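Structure record follows, encoded as structure tokens.
The values are calculated or read from the model by the stated rules, or taken from the named source; none is laboratory data. Just so you know, these numbers come straight off a predicted model, no measurement behind them. No Cβ is skipped: glycine too gets one built from the backbone with ideal geometry, and neighbour counts run over all protein chains shown.
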Amino acid sequence: MTALGFLYPGHFAEDDYPRIEQLLGSDVRVELVHTGIEEDAHQIRTLRETNSAERLAASVEGLRLSGAEAVVWASTSGSFVHGWDGAQEQVHALARAAGMPASSTSFAFVHAVGEIGARRVAVGATYPDDVTGLFTGFLRAGDVEVVAAHSAGIPTPAEVAAWGAPEILALARAADTAEAEAVLLPDTALHTASHLATLEEDLGKPVLTANQVTVWEALRLTDRRVNAPGLGTLFTREPIVQV
């Protein structure tokens, strides 16, 4: 049994995680700990305040007790708002506090783009333009070419969490271009675990979503690869460890 640990800010789309655990269909256990948020807002100031090293460190004890083998900070905007170097410092501090390998959703996107072999991507963000710009800058710092970016300008994660398949599909379509080899939907407040197959079928290309890549990143940290077609192209590689 492989236990994966996640620190998730607030209560928005956390039910994606048990759904992903079910779709993995293997001996993988997902452990989720909620961290507090200062304010429900897609604002740079708020996002930087939500994820202090002290707040994250205070949340890891429950994951250690659960037997988690790796931890991922399940907040894209809560990591990329610090820039590449700041996000690296954040996960290094988290690894020290947790005593286990650590990463964040922002780095998960960069690693996942490499995993599927994409060179050019489009971004469909729920965020305002300024926050989306920080994410695309983070991707470029990770040598990911961003050919298009669409910002929906939704002010709060709570509003995003209420979206269903039609709104999520509209966001992906608005972002997509013929040049893009994959489409990225970066908000962990989006419920996407049940819609990945539909998204990829509609766009005809890989779609990477925040909670999906977050779980994949935790598996990567534990040297696990699980074949789970229901979770999209990212999860259809040959597993390193047969399950």
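A Cβ distance below 8 Å, combined with a sequence gap of six or more or placement on separate chains, defines the contacts here; from the stretch 93-109, residues that are within 14 Å of A68 (Cα to Cα) reach residues that are aromatic (F, W, Y) and surrounded by 24 or more Cβ atoms within 10 Å (Cβ to Cβ) in the pairs L94/W73; A102/W73; S103/W73. Contact map, the stretch 2-27: residues that are outside the structural domain of E69 (by TED's automatic domain parsing) and closer than 21 Å to A158 by Cα paired with residues that are part of a loop (DSSP other than H, G, I, E, B) and not basic (K, R), Cβ distance under 9 Å, separation 6+ or inter-chain. No pairs are found. Name the single residue that is nearest to R224 (Cα to Cα) among those in the stretch 56-81 being assigned to a helix (DSSP H, G or I) and charged (D, E, K, R). Across the stretch 56-81, the extreme among qualifying residues is R64. Within the stretch 209-223, residues that are free of Cβ contacts under 8 Å to residues at least 40 places away in the same chain and on the phi > 0 side of the Ramachandran plot have Cβ atoms under 7 Å from residues that are of a type in the set (V, I, T) and in a helix (DSSP H, G or I) in no pair, counting only partners at least 6 apart in sequence or on another chain. The number of residues in the stretch 124-183 that are surrounded by 14 or more Cβ atoms within 10 Å (Cβ to Cβ) and touching a residue at least 60 places away in the same chain (Cβ under 8 Å) comes to 18. Being under 15 Å from A218 (Cβ atoms), among the hydrophobic types (A, V, I, L, M, F, W, C) and modelled with pLDDT of 95 or more: is that true of A118 here? No; evaluated as a whole, the condition is false for this residue.
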